1. For LEU195, only one of the following conditions fails: (1) in contact with a Phe, Trp or Tyr (Cβ under 7 Å, 6 or more places away or on another chain); (2) closer than 19 Å to PRO116 by Cα; (3) assigned to a loop (DSSP other than H, G, I, E, B). What is its number?
2. Evaluate the following for PRO234: is it in a loop (DSSP other than H, G, I, E, B), free of Cβ contacts under 8 Å to residues at least 24 places away in the same chain and open to solvent by 30 Å² or more (accessible area, probe 1.4 Å)?
3. Looking at the range 157-188, which of its residues are touching a Ser or Thr at 6+ places or on another chain (Cβ under 8 Å) and modelled with pLDDT of 95 or more?
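The values are calculated or read from the model by the stated rules, or taken from the named source; none is laboratory data. Nothing here was measured: the structure is a model prediction, and the numbers come from that model. Neighbour counts are summed over all protein chains in view; Cβ atoms, including those assigned to glycine, are modelled from backbone coordinates with ideal geometry. Ligands, DNA and RNA are excluded from the accessible area calculation, which covers all protein heavy atoms including side chains. Shrake-Rupley method; radii C 1.70, N 1.55, O 1.52, S 1.80 Å.
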Amino acid sequence: MQATVAGRTRILVQGDSFHVAPGEALEYRLLSHMTRLFMFSAPGGALADLLGGGERTERHLFTMDSPATAQLQLPQGIESGRSPHLPTAPGGYFLNAGGGDHRAWPDALNSYLARPSNTGGRYFAVNTLAAVQPYIIRHFHRLHTENFICLSGRVWLWVNGQELLLTAGDFLHAPAGTIHSFAIGAHNTQMLGLLTGGVFEKFFDATSEPTITPVYSEGLVDPSTVIAGIKANPDLDLQVVGPPPERTLAPGL
């Protein structure tokens, strides 16, 4: 985040802090998606006035009010050297955090970090940002291997009858033929999927809708979109073997 306190501007990263004295001006803006800022105001401070109005909301909806002007403007003299957009041809590139080609699922956002067209068809990468949700149907793939990496949050995986919990940094390799399912156990969980070949790219395109939003939000996509996409594309490398598994570990684990 970028903060200006009493006329002095700094770029802050995780763990940094600032103090605003009475009567001093504060200006700040968030420079990356999902930045978190902890603010404390002593009794009688500005936050007390802000929260004293008594207005409440039952839900929070994210909107992209002005997509054409929503791109981050960095402070003068700072060059990111990265892009929020995925190139359409092979070659090296950088992506901003929250960048890529976004595809909306109900309560989740899948972002292509690399499509088969970027890798010569060798693999593609999808970052999933998701809300809490139950297990999906049990299934396996005949033609491709999936690798699951939990970047943050909690990912439950049911693999050949065994239930596993992945937290930040954990990894699971699922070769073709592995019967599996997954569930999301914490809000704002991020899971990186690395899939061999390009055969399963069609699945994500068929079961989701393109979006410019960099986060998931309530009502982003109708849940029927996923099932309709599967039924309309029988050639997907998706072999369903049964209903979603039931949880076997204790709820608190």
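1. Checking LEU195 against (1) in contact with a Phe, Trp or Tyr (Cβ under 7 Å, 6 or more places away or on another chain); (2) closer than 19 Å to PRO116 by Cα; (3) assigned to a loop (DSSP other than H, G, I, E, B), the one that fails is (3).
2. Working: in a loop (DSSP other than H, G, I, E, B): yes; free of Cβ contacts under 8 Å to residues at least 24 places away in the same chain: yes; open to solvent by 30 Å² or more (accessible area, probe 1.4 Å): yes.
So PRO234 fits the description; yes.
3. LEU157, TRP158, VAL159, ASN160, GLU163, ALA168, HIS173, ALA174, PRO175, ALA176
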